[in-house]
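Heads up, the thing below is written out as structure tokens.
The values are calculated or read from the model by the stated rules, or taken from the named source; none is laboratory data. From a predicted model like this one, the values you see are computed outputs, not experimental measurements. Here the Cβ is made from the backbone with ideal geometry for all residues, glycine too, and neighbour counts use every protein chain on show.
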Amino acid sequence: MINQAFAVAGPFTWLFDPLSHEFMRRALLVSALVGAVCGLLSCYMTLKGWALMGDAVSHAVMPGVVVAYALGIPFSIGAFVFGVGSVALIGFVKQKSRVKEDTVIGLVFTGFFALGLVLVSKIKSNIDLMHILFGSPLGISNADLMQTFIISVIVVVFLLIYRRDLMLYCFDPTHARSIGINTTFLHYLLLSVLSLAAVAGLQTVGIILVVAMLITPGATAYLLTDRFDRMTTLAIMSSVISSIIGVYISYWSDIETGGSIVLVQTIIFLLAFLFAPRYGILNSQKSIP
Amino acid sequence: MIDSLRKGKATEISRIQANQICVDYNGLVALYDASLELPGGCICGLVGMNGAGKSTFFKALMGFVRPSRGNILINGQSVKHAQRDQAVAYVPQNEGIDCSFPVSVWDVVMMGRYGSMDIFRIPRESDRKAVWHALERVELLDLRRRPIGELSGGQRKRAFLARAIAQRASVLLLDEPFSGVDVRTEKLMAELFIQFRNEGRTILISTHDLSHVRDFCDLVVLINKTVLAYGETSKVFTSENITMTFGGMPPNLLSGPITSEDSL
Ligand SMILES: Nc1ncnc2c1ncn2[C@@H]1O[C@H](COP(=O)(O)OP(=O)(O)OP(=O)(O)O)[C@@H](O)[C@H]1O
Ligand SMILES: [Mg+2]
């Protein structure tokens, strides 16, 4: 039976066959979309050195998701509130105490995450913990798809409008201020967008792996170019490609989707790490003599 | 060409006006009662020992440290307002930037134009011209495509000066622009500053090279946690004042760089 299908559709069955399923089309769509959004944002995260912040925000949205489900409101609203709340709390604790920033970040996000776990077990609802933690693009509901779409549009619009200002803010905040740019606004804009992107990313790879979506594509692109614009293009491309390949692998070999997407991303990073024209370790050694 | 100069063209308006500025870092006083008034079209040298508060003064003028007392006007406006009008360009002593950031020299200088562009920061022809001229001025045109991290220290310094030039501000605050640049560039920069002064701009420069002050500064400010003396170079830049500024060091500094410690 299966052999027959292969024979009919030719060598591209592996590519087109999954597309006949509604759930696969949706999974590919949402994964590619989230990949693009997170890929774009990842450039700013890696250049700003906010990997840990990304990890923090993505974990801190957990209780928000649970509370939102319990209250029957869109999960993204709850997630956003807790994401931004965690950031505000990190800022507050850092300012008011002598504890170092990375310690505060680690402390706050694990606290939030723990709260989320406790809430899940306490609030008896139909939330599937595994879906939150590991994502489930193959089983995404219409409502979630819609939310992810809206979030993505918001994030992309803001990142596109402020792309130059945000780049300048990451590169040289002092200069940004000295030409009258409101850096406080940019700071909170970037954090808000980060919270939103974490919520979107949670749909495809889940809370635990979202941070990979938010840094790996940027890190990969960073190894490949010296130009910021090219870096964003490359990051988006590698991120979208990873998402699509990841979903296919997940479909054909029946493995967990979030894991497979992130694993593809990591492999692409490793390839860049080894073979990048200027900064790959295999090439940079050549130029030493 | 210089829109921002039109504002406050009348020389009666002070370009920089600082009244009794006090700055402390967590209770540690770095600057007290520092007052300064600079007219349009002058080069002013800011001279003092390490730790005298020169950089702090610059940061206070830019609103980066909040003075505990005193107020500052630039072109008769608040600092924030002046910054939004692109009236003031600032080059810090240390840029403190991430040198592996993926931007070229051209991109960096273009950042000087952002404030004059629309929200999307899309360069117009005039912006590109300004960047080109600025790079030409500091002789970095050939290196414009280089990533900023692949410049030498002095070249990087020139790139950031070019950014300030591209901004076309009427007030330039330059914190030790001469440190780490070669003699040729030093001369080039001095000529540039004199030209800017003739165009009616005001330039405040901190420097440790006292010959600069004599050579091209119209005014001089001697500071050590406060303004010790301030006025025309010929009147204020005396050996007694310099001795006072450098805490009793003999003024033979004036006749050249200190060669050994035996002058102590
Ligand atoms: N961020 C800071 N926190 C605490 N103290 C500071 C800070 N920056 C400067 N200071 C202190 O304020 C004083 C003035 O410093 P400032 O950097 O203004 O000196 P400066 O005149 O620029 O010296 P230099 O010639 O070395 O550049 C110094 O005693 C310094 O220790
Ligand atoms: Mg200094």
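The set of residues in region B:72-94 that are without any contact (Cβ under 8 Å) to a residue 60 or more places away in the chain, under 16 Å from the mean Cα position of the chain (by Cα) and more than 16 Å from ligand 1 (Cβ to nearest atom) comprises B:79, B:83.
Scanning region B:173-198 for residues that are acidic (Asp, Glu), crowded, with 19+ Cβ neighbours inside 10 Å and not in a loop (DSSP other than H, G, I, E, B) yields a single hit, B:175.
Determine, yes or no, whether residue B:68 is within 11 Å of chain A (Cβ to nearest Cβ) and modelled with pLDDT under 95.
no
Elements of the type helices (runs of 4 or more DSSP H) sitting completely within region A:1-101 and holding at least 2 residues that are in contact with a Gly (Cβ under 8 Å, 6 or more places away or on another chain): these cover A:22-48, A:51-60, A:62-71, A:75-96.
Quick check on this structure: which one of B:113, B:69 is more than 27 Å from residue B:147 (Cβ to Cβ) and either away from ligand 1 (no atom under 16 Å from the Cβ) or not hydrophobic (A, V, I, L, M, F, W, C) (or both)? If you could, list the steps in order and put the result at the bottom.
Numbers: B:113 fails: more than 27 Å from residue B:147 (Cβ to Cβ).
From the options B:113, B:69, the qualifying one is B:69.
Starting from residues that are surrounded by 17 or more Cβ atoms within 10 Å (Cβ to Cβ) and assigned to a strand (DSSP E or B), keep the ones in region B:61-76 and report whichever is farthest from ligand 2 (Cβ to nearest atom). Per the criteria, the residue is B:73.
Only one of the listed residues (A:54, A:49) is touching a helix residue (DSSP H, G or I) at 6+ places or on another chain (Cβ under 6 Å) and closer than 30 Å to residue A:245 by Cβ. That residue is A:54. If you go through region A:20-49 and keep only what is without any contact (Cβ under 8 Å) to a residue 60 or more places away in the chain and among the basic types (Lys, Arg), you end up with just A:25. Screening A:139, A:135 for residues that are more than 12 Å from chain B (Cβ to nearest Cβ) and either under 26 Å from residue A:46 (Cβ atoms) or among the hydroxyl-bearing types (Ser, Thr, Tyr) (or both) leaves exactly one candidate, A:135. Only residues that are more than 10 Å from ligand 1 (Cβ to nearest atom) and either touching a helix residue (DSSP H, G or I) at 6+ places or on another chain (Cβ under 7 Å) or part of a strand (DSSP E or B) (or both) were counted in region B:21-60, giving 14. I'm checking my understanding of the structure. Among residues of region A:86-128 that are of a type in the set (Gly, Ala, Ser) and in contact (Cβ under 8 Å) with a residue 12 or more places away in the chain, which one is farthest from residue A:68 (Cα to Cα)? Taking the candidates together, the pick is A:106.
Of all residues in region B:135-156, those satisfying the criterion of being within 14 Å of chain A (Cβ to nearest Cβ) and either hydroxyl-bearing (Ser, Thr, Tyr) or outside any loop (DSSP other than H, G, I, E, B) (or both) are B:143, B:147, B:148, B:149, B:150, B:156. Looking across region B:178-216, the residues that are modelled with pLDDT of 95 or more and within 16 Å of ligand 1 (Cβ to nearest atom) come down to B:204, B:205, B:206. Taking the criterion of being within 14 Å of chain A (Cβ to nearest Cβ) and under 14 Å from the mean Cα position of the chain (by Cα), the residues of region B:44-65 that qualify are B:55, B:58, B:59, B:60, B:61, B:62.
On the given criteria, is residue B:203 within 14 Å of the chain's Cα centre (by Cα), among the β-branched types (Val, Ile, Thr) and more than 25 Å from residue B:34 (Cα to Cα)? Don't jump to the end; show me each part of the working.
On the way: within 14 Å of the chain's Cα centre (by Cα): yes; among the β-branched types (Val, Ile, Thr): yes; more than 25 Å from residue B:34 (Cα to Cα): no.
The answer is no for residue B:203.
Residues considered: A:86, A:178. Of these, the only one that is surrounded by 15 or more Cβ atoms within 10 Å (Cβ to Cβ), polar (S, T, N, Q) and touching a strand residue (DSSP E or B) at 6+ places or on another chain (Cβ under 7 Å) is A:178.
Of B:190, B:159, B:229, all but one fail to be in contact (Cβ under 8 Å) with a residue 40 or more places away in the chain and aliphatic (A, V, I, L, M); the exception is B:159.
Let's see how each residue does on (1) at the interface with chain B (Cβ under 10 Å from one of its Cβ atoms); (2) more than 18 Å from residue B:113 (Cα to Cα); (3) assigned to a helix (DSSP H, G or I); (4) touching a residue at least 40 places away in the same chain (Cβ under 8 Å):
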residue	(1), (2), (3), (4)
A:151	no, yes, yes, yes
A:158	no, yes, yes, no
A:167	yes, no, yes, yes
A:175	yes, no, yes, no
A:186	no, yes, yes, no
A:191	no, yes, yes, yes
A:194	no, yes, yes, yes
A:197	no, yes, yes, yes
A:205	no, yes, yes, yes
